[in-house]
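In what follows, a structure is listed as structure tokens, so that the remarks can point back to it.
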Amino acid sequence: MLIAEIILPLPVKSNFDYRVPAEVAEEAVAGKRALVVFGKRKIYTGVIRRVYEESNLNRVEGLKELDELLDDVPVLTEKQLAFFDWIAHYYFCTPGEVLKASLPTGMKLESTLRVEKVAGVDWESLDLPNKEWDLMDLLSHHHDLGLQEVSELWGVENPSSRLKNMESRGLIRLIQRVDQAYKAKFEKYLELDELFRTDEALNQAFASLSRAPKQEDALMLVVQAFLKGNAISRADLLAKLDGGQSAVKALLDKGILREIEVQVDRLEGLKYDFNKKDIILNEEQMAALNGIRQSFLNFPGKPVLLHGVTGSGKTHLYIELIREKLAENKQVLYLLPEISLTKQIIDKVKSEFGEIVGVYHSRFNDNERVEIWHKVLRREYQIVIGVRSAIFLPFPELGLIVVDEEHDNSLKQVEPNPRYHARDLSVYAPRVFDCQVLLGSATPSFETYTNALEGRYTLVEIRERAVKAVLPEIILVDMREQRKKKLLEGDFSKPLVEAIKNMHSRREQGIIFLNRRGFAPYLICTTCGHVPHCINCDITLTFHKSKKEIRCHYCGYSDYQTEKCDQCGNFTYKRQGVGTEKVEEELHEIFPDLRIARMDLDTTRSKFAFQQLIHSFEKQEIDLLVGTQMVTKGLDFPNVTLVGVVMADNLLNFPDFRAYERAYQLLTQVSGRAGRSHKKGKVMIQTSMPENPVLNVLQAPFVNFYNLELPQRNALNFPPFSRLIRIELKNKDRVFLEEETIAFYRLLAPVFGKHLLGPEYPLISRLRNEYRMQFLLKLPRSFSVNKVRSALSELIDTYYTRAPKKTLRIMVDVDPTGAF
């Protein structure tokens, strides 16, 4: 008997075996999706991990049979499945959680519980409770109902137990129904009816339309398409006719045309601007390119770090290497940390390689992601530009992974499992996919740079900007002095205001950076001192003026009471602090003639919002762009000569061991947006700490900052001198959480000793109605990661076998981006 080992998209440690029906035995292979029943009724989409023969009939008889194979060809490759196994092992999660994170939602069919009435039951003659009567009455008018509909009808959160009771009494049936998640897109097309495809019939048709010029025009357009072997979409035809609905209807009624439905590609409508530009590498770029080639040739699979200053033309090198991999008939993955970067990169890459370039990020809907997945699998896309989740795409012949801005935190998944870092997955990928890996950054992470200096990675550097551009001048503006002399206009210093005026007079552009969205970080009542907090999280609510609301940026809770204090009832709320929305408003007041736009999460929620904003800025339809960290990375605007940083101190004073590293990276990256052509750039950083050492090495080479920060890291034994594993415990009951955290500590302490820090509450102790406590394992680099992983897994299992309740959730984050 053939047995299929199935990965289910669930947080369960093991895979599950199912019998393979004889009629699909030849088709059942690893990587195909299968519908299976898990538990008593629930149906899930699993993926076949392997198929094997089982001769023990007693074991076979106890197994369920898989219901249905969903694919003609595998949707996951053997290499991917091996990659997923490693991810699950390394990041303390299950293969099912990796599968759930990787597959688009449209490919994960799952049954939902439905309620239907048993036919022939005379329920009206029964003495039913009111709730049951209401349900039976509603089912008399509907074929079936979902659990949510029953919950709303009865006004209860979970109606399951009562429904099961009704089922046992023969009143209703509880069924599991699987609905197709992915739906192909169809459009209406028009073509000639078969009776009118001869010259004689067509001539007669045109003759009959001599007094109907609109119908004649419509028929001519259809004929032109027909002669090219095509039908014409109804929408295109009506657009060319400038209306003409009645003319098309008349031709259909006469039988001259017929309407058909054609499946169309959702991705064809995604247009980008790409005009091919010749790439000419300078001497230093050529040397770097040859250095990368040599490393790829002599040390296959060894990662290469391309460390080039901002504006050094790293993208041009990526394009040359992509071209070489395509010549080898290989595919390329180009990873970016932010969606905001994709527009300019897509334009550059598509200008070179055209329609074989695909794009993958969270703004695509589920159906579009399914189509991208299959285009990669069929090799219609040879190059994919994407954010971190693109690492899971099914490349049959992956030859190169480029990780641009490899230092960026956005490459790290925070919630839910797997808590992976796309850069680290890329570094491991050559062991599975036999590919090359190139990491690029002007401000590499300390771990990456250390690996390069110690020889684990190949280090290639570009120290000068391309096209003979010079690095911008950086000016520190002492805000203490500005406040003392009362020179501020809103939140802007006099030197920054003057610099904006001069920039505008020269018809140049500028960027204003503040890494905090909203209008004000919080409100405070000046009468009673009350500060509105989120009802689900231990965090203040951010004021958004445009929407007239206060909102939690963690769980999404919002309140429209922004004037009257809900504690004392007085209308004395004061807005404290500054966000990008306030900065934009103040700039409009100071510079009414400037065209100002804002780029943050609030203004870029739609699929093409980034693209439209960046396009307008490129076309110089915007003078000043205000933004969060979205504006700091990788964007290339030749006319930008000024960058203003509103509040640098927020970055420097964050309580985290990486605070200085991140501040340096963000400030260097945003500074790099200025003066990228022949025009000299200027960066003005407003700070109350102008003596801070980080601010005073911004114009020096990166290695100066690295050497400045490294002794502190060494003294405190933080990365790159150690490995971190964060253990987070969650529960809705604070007292229970504290008691069980101590119990868990008693298990951890004897094993990990001095390497264990905590337990401690993190900065935000409650998120989404769950309290959180954390431990931190700070491990020497010499420790065996596998042994630590095995020991920790065993301790977690031991805790759960002793736990009084199973409600405590334990999450493990390997290589977290922060300590707490």
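The values are calculated or read from the model by the stated rules, or taken from the named source; none is laboratory data. Quantities reported herein were computed from a predicted structural model and do not represent experimental measurements. All Cβ positions, even for glycine, are placed from backbone atoms using ideal geometry, and neighbour counts span all protein chains on display. Heavy atoms of the whole protein, side chains included, go into the accessibility calculation; ligands, DNA and RNA do not. Shrake-Rupley method; radii C 1.70, N 1.55, O 1.52, S 1.80 Å.
The number of residues in the stretch 184-222 that are part of a strand (DSSP E or B) and either more than 50 Å from the chain's Cα centre (by Cα) or closer than 21 Å to L252 by Cβ (or both) comes to 7.
When you look at T801, is it in contact with a Pro (Cβ under 6 Å, 6 or more places away or on another chain) and of a type outside the set (F, W, Y), yes or no? Taking the combined requirement at face value, the residue does not satisfy it.
One residue stands out in the stretch 187-225 among those that are out of contact with any helix residue (DSSP H, G or I) (no Cβ under 6 Å at 6 or more places or on another chain) and among the aromatic types (F, W, Y): the one that is surrounded by the most Cβ atoms within 10 Å (Cβ to Cβ), namely Y189.
The residues of the stretch 49-80 that are among the aliphatic types (A, V, I, L, M), closer than 16 Å to N15 by Cβ and either open to solvent by 60 Å² or more (accessible area, probe 1.4 Å) or touching a helix residue (DSSP H, G or I) at 6+ places or on another chain (Cβ under 9 Å) (or both), listed by number, are L66, L76. Restricted to the stretch 516-532, and to residues there that are open to solvent by 70 Å² or more (accessible area, probe 1.4 Å) and in contact with a Ser or Thr (Cβ under 6 Å, 6 or more places away or on another chain), the residue that is farthest from E586 (Cα to Cα) is T527. Within the stretch 593-632, the set of residues being farther than 17 Å from P337 by Cα and of a type in the set (V, I, T) comprises I596, T603, I622, V626.
Residues that are farther than 30 Å from P711 by Cβ, open to solvent by 40 Å² or more (accessible area, probe 1.4 Å) and in contact (Cβ under 8 Å) with a residue 12 or more places away in the chain within the stretch 441-490 comprise V467, K468, V470, E489, G490, listed in sequence order.
Consider the stretch 162-180 and keep the residues that are modelled with pLDDT under 90 and exposed (fewer than 13 other Cβ atoms within 10 Å of the Cβ). The one that is nearest to L139 (Cα to Cα) is R177. Just the residues that are assigned to a helix (DSSP H, G or I), crowded, with 21+ Cβ neighbours inside 10 Å and at pLDDT 95 or above, please, taken from the stretch 322-355. Answer for the stretch 322-355, where residues must be assigned to a helix (DSSP H, G or I), crowded, with 21+ Cβ neighbours inside 10 Å and at pLDDT 95 or above: I322, K325.
Filtered by the rule that a residue be open to solvent by less than 50 Å² (accessible area, probe 1.4 Å), among the charged types (D, E, K, R), out of contact with any Pro (no Cβ under 7 Å at 6 or more places or on another chain) and within 27 Å of V309 (Cα to Cα), the stretch 594-635 gives R598, D600, D623.
A single entry from V359, V437, V432, V402 fulfils the requirement of being crowded, with 24+ Cβ neighbours inside 10 Å, over 20 Å from the mean Cα position of the chain (by Cα) and β-branched (V, I, T): V437. Listed by first and then second residue, the pairs linking a residue in the stretch 66-86 that is touching a residue at least 24 places away in the same chain (Cβ under 8 Å) and farther than 17 Å from V24 by Cα to a residue that is open to solvent by 60 Å² or more (accessible area, probe 1.4 Å) and part of a loop (DSSP other than H, G, I, E, B), with Cβ atoms under 9 Å apart and 6 or more places separating them unless they lie on different chains, are K79/D434. Does the stretch 1-12 contain any residue that is at pLDDT below 90 and either over 30 Å from P816 (Cβ atoms) or not aliphatic (A, V, I, L, M) (or both)? Yes. What residue, among those in the stretch 807-820 that are outside any loop (DSSP other than H, G, I, E, B) and of a type in the set (V, I, T), is most open to solvent (accessible area, probe 1.4 Å)? Selected residue: I810. Reported count of residues in the stretch 369-378, each being open to solvent by 20 Å² or more (accessible area, probe 1.4 Å) and either aliphatic (A, V, I, L, M) or in a loop (DSSP other than H, G, I, E, B) (or both), is 2. Condition check for S505 on (1) open to solvent by 20 Å² or more (accessible area, probe 1.4 Å); (2) touching a Lys or Arg at 6+ places or on another chain (Cβ under 7 Å); (3) not acidic (D, E): one failure, at (2). Scanning the stretch 116-134 turns up no residue that is under 28 Å from S793 (Cα atoms) and surrounded by 14 or more Cβ atoms within 10 Å (Cβ to Cβ).
Of all residues in the stretch 20-43, those satisfying the criterion of being crowded, with 18+ Cβ neighbours inside 10 Å, under 27 Å from R114 (Cβ atoms) and among the β-branched types (V, I, T) are V36, I43.
Residues of the stretch 556-587 that are of a type outside the set (D, E), surrounded by 15 or more Cβ atoms within 10 Å (Cβ to Cβ) and within 35 Å of the chain's Cα centre (by Cα): Y557, T562, R575, G577, V578, G579, T580, K582, V583, L587. Where residues in the stretch 232-282 are open to solvent by less than 100 Å² (accessible area, probe 1.4 Å) and acidic (D, E), which of them is modelled with the highest pLDDT? Across the stretch 232-282, the extreme among qualifying residues is E259. Within the stretch 794-806, if we keep just the residues that are open to solvent by less than 30 Å² (accessible area, probe 1.4 Å) and in contact (Cβ under 8 Å) with a residue 40 or more places away in the chain, the residue that is farthest from the chain's Cα centre (by Cα) turns out to be A803.
Of all residues in the stretch 157-183, those satisfying the criterion of being over 19 Å from V121 (Cβ atoms) and either part of a helix (DSSP H, G or I) or out of contact with any helix residue (DSSP H, G or I) (no Cβ under 8 Å at 6 or more places or on another chain) (or both) are S160, S161, Q176, R177, V178, D179, Q180.
Selection over the stretch 93-112 of residues that are touching a strand residue (DSSP E or B) at 6+ places or on another chain (Cβ under 9 Å) and open to solvent by 40 Å² or more (accessible area, probe 1.4 Å) gives a count of 3.
Of the residues making up the stretch 540-549, not a single one is open to solvent by 60 Å² or more (accessible area, probe 1.4 Å), under 30 Å from P701 (Cα atoms) and either modelled with pLDDT of 95 or more or of a type outside the set (K, R) (or both). Looking at this structure, is K682 farther than 30 Å from L471 by Cα and more than 28 Å from the chain's Cα centre (by Cα)? It is false that K682 is farther than 30 Å from L471 by Cα and more than 28 Å from the chain's Cα centre (by Cα).
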